[in-house]
Amino acid sequence: GVFSRMLFQQLREQFKQVGFVCEPDYPPGDFRSGSVEYWGPPEERERCLWSVVRTAQGTILGTIVTQVYHDHTQFRIPLPPSVLALEETETDAIIEALSDASVRLVGRQQVEAPQQKWAVGQEHSKWEYSVEVGLADCIDSKRIEISGGMLDSTLSLWGRNGWELVSVVPHEGRMIAFFKRLAKEN
């Protein structure tokens with residue numbers, strides 16, 4: 001919250017100068033309302049924070065969404081933040097729009113996968129595990145021709161950080177993907 005408020009301070013001031021009102025305040029500092037974090041491995045988690053933008057007279061213009069990428073394993077910002085606009089202004093509709101991977105992945109930079117850090121066949125006894133709850137967001141039955149690319153993009157985030165897909169399970173309308181990788185030695 002503190003980092004994003006500092007990072008977007010100038011943008012927040014520009015909104016105020018032109019008379020736009022953001023609710024919650026842009027960018028939202030309270031992650032409980034106005035944000036979701038469903039996507040990416042622990043090293044490249046994606047959080048989408050949003051604010052509904054209105055004119056000073058109260059006319060709703062739309063929603064500004066800020067994508068912030070962060071690392072849960074160390075203090076690191078793996079990708080630059082990005083901003084996108086949505087027509088949706090109700091929380092459920094915003095979450096539904098963001099749950100379509102093609103909305104979030106537009107213009108996202110692709111990064112080369114690093115070489116594997118361990119030899120194939122090398123024995124290791126310790127594993128670490130993680131989950132992705134947003135995998136179904138990549139599948140669009142109306143545009144199946146782009147679903148493969150969106151799945152590739154999402155799974156490559158995990159692969160380039162050494163994660164291996166173990167299983168995928170449907171749960172309450174979502175697909176939960178389970179990943180594992182060799183534990184890093186301390």
GNM on the chain, Cα springs under 10 Å; top mean-square fluctuation among P81, P41, P170 goes to P170
Magnitude of the Cβ-charge dipole of the chain, K/R +1 and D/E -1, about the Cα centre, nearest 20 debye?
460
Given a 10 angstrom Cα cut-off, can you work out which residue in E132, E44, E164 is the most mobile in a GNM of the chain?
E164
Residues of type aspartates and glutamates that K184 reaches as a straight line, Cα spacing below 14 Å, ignoring anything fewer than 8 places off in the same chain
E43, E123, E128
Cα long-axis angle, helix 144-159 against the chain (0 to 90 degrees, to the nearest 10)
70
Rounded if a/c is under 1.5, else prolate if a/b is larger than b/c, else oblate: which is segment 2-98, with a ≥ b ≥ c the root eigenvalues of its Cα gyration tensor?
oblate
Order these by the 10 Å Cβ neighbour count, fewest first: S35, S141.
S141, S35
Theoretical gain in end-to-end length, I144 to S33 [0.36 nm per residue, Cα-Cα removed]:
36.8 nm
Report the net charge of residues surrounding T55, where surrounding means a beta-carbon distance below 14 angstrom and charges are Lys +1, Arg +1, Asp -1, Glu -1.
+1
If you take the beta carbon distance between R76 and A56 as r and set R0 to 41 Å, what does 1/(1 + (r/R0)^6) give as a FRET efficiency, to the nearest 0.05?
0.60
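Values in this text are rule-based calculations from the coordinates and carry no lab data. None of the values given here were measured: they were computed from a predicted structure. Here Cβ is always computed from backbone atoms with ideal geometry, including for glycine, and neighbour counts include all displayed protein chains.
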